[in-house]
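Nothing in this text is a laboratory measurement; each read-out follows from the coordinates by a stated rule. Just so you know, these numbers come straight off a predicted model, no measurement behind them. Quick reminder, even Gly has a Cβ in these numbers, built from the backbone with ideal geometry, and neighbours come from all protein chains shown.
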């Protein structure tokens, strides 16, 4: 795979992540929250998968021995590429399926709440993993990278972190809507 092709695939992966981030605003209220959430989650997973697949091809590239390297200044390090593999190793949780509040039983609503709490914990673990991966790469490579490269790395980490949080918020909003519908059907 040529370098230009790899860069194009990396850019496409980042664009998919950004599309997932702003997808809810673009779709607006024309599409139901569940469909928006599903689309955004699918686009985000596709973006992460594309990034991981492309970065894996970098790992498979043969490297020249250190002794054979020409004597010239060190090449700049692509911090986002380095961090992408670590971020891709973090487990992005799947959103739980939620019952329809108009027809769900109390047990189904309780199970949905428990599933969301597990999803919330998994999302927190994912964002901590992403943050740790970004900090690890920044600490290991930051001294040999430019300020612009470190800024790009942090922007990449913030995007991955915030995308997961926004997806969780969309699921929480949908769950709350179903809870309101359930309570309207079953007043105390």
| Kirkwood hydrodynamic radius (C-alpha pairs) into Stokes-Einstein, the stretch 103-188, 4 °C and 1.567 mPa s, D in µm²/s | 84
| note | A correct fewest-to-most ranking of 106, 92 by other Cβ atoms within 10 Å would be 106, 92
| query | Counting pairs of Cα atoms in the stretch 74-152, how many percent are more than 16 Å apart? | reply | 61
| query | Nearest 0.05, what FRET efficiency do residue 125 and residue 97 give at R0 = 25 Å with Cβ-Cβ as r? | reply | 0.80
| remark: Rounded to the nearest 0.05, FRET efficiency between residue 15 and residue 180 (Cβ-Cβ, R0 45 Å) equals 0.80
| said: I want to check the label-to-label distance for residue 107 and residue 140. Put each point 7 Å from Cα in the C-beta direction and report it in nm to one decimal. | reply: 4.9
